[in-house]
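Please treat every number below as a calculation from the coordinates, not as lab data. These numbers were taken from a predicted model, which means no experiment stands behind them. Here Cβ is always computed from backbone atoms with ideal geometry, including for glycine, and neighbour counts include all displayed protein chains.
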Amino acid sequence: MIMRMVTIEIEPSEMAREGRRSTFEHIVSYEVLEVLKIDYEQGLFVDLIECVTREGVSIHDLDIIGNMEVLSVIKSEGNRHTCLVRGQEEDMTKDEYKELDLDLIYTTPSFQSEDRIVLSFIGAQKNLMTFVDLMKGGQVGKITNMTFKRAAYQRRDMLSVLTEKQREVMVAAYRHGYYDLPKGINSVRLSERLFLSKPTMLEHLRKAERRILTEIMAGYTD
């Protein structure tokens, strides 16, 4: 299985524009520069973004941008500002994606303005197509452009293919000797250390192992 990345450009519907109006009351747009942390189960994220403020608006007067809390303004050049933000997906969106269990990784490019949305996700081709169908059938808007390409990572960034929880579980398993021969810790003890049930811990570990193996074997399965 080869991991792919889909980038979708959307023209928001009138309903979506209305729902997003408050987000762009003080800013023109924002672009995600780096996804620093994301918890897919809780719908929480920490991003580095560049936002463009409207004329006469000071970035230092903005505590909130849409569903994002502005934690820090790192750099400002005119009306362009690099900010560290923390946010949470709406419960409806979070529950809908969780129910589908698409196992997708949110990535860049990601851009938002009143009249344009760009979203990018990494995952298996089948799951990406399910996500695309969901977007087509939803009320977000009309897909105006879509590209697929093979997801590529530098070897030093291999763990970036994992979700936050998968990375946490796999790193803990390695540190505590789960992969040693003989094992330094069994699955029961490891799950206790992680404060997870054994089935949940093993599921995160299985998905992490599959993703790492997929990355390693990518050059042999084209």
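Among the GluC sites (Glu not before Pro) in segment 19-65, those located in a DSSP loop and surrounded by at most 15 other Cβ atoms within 10 Å of their own Cβ are Glu25, Glu41, Glu55. Calculation over all alpha carbon pairs of segment 3-150 in 10 angstrom steps from 0 returns a P(r) of 11, 40, 38, 11, 1 percent.
Computed from the Cβ-Cβ distance with R0 of 22 Å, the FRET efficiency linking Asp115 to Ser160 stands at 0.10.
Counting trypsin sites (Lys or Arg not before Pro) as exposed when in a DSSP loop with at most 16 other beta carbons within 10 Å, what is the longest stretch of the chain free of them? Looking at the chain, 55-182 is the longest stretch - no exposed trypsin sites (Lys or Arg not before Pro) with at most 16 other Cβ atoms within 10 Å. Straight-line cross-link reach from Lys183 at under 27 Å between alpha-carbon atoms covers these lysines, not counting any fewer than eight positions away in the same chain: Lys165, Lys198, Lys207. Label sites at Thr147 and Leu134, each approximated as a point 7 angstrom past Cα along Cα to Cβ, lie 2.4 nm apart. A straight Cα-to-Cα reach below 28 Å connects Lys75 with the lysines Lys37, residues fewer than 8 places away in its own chain not being considered.
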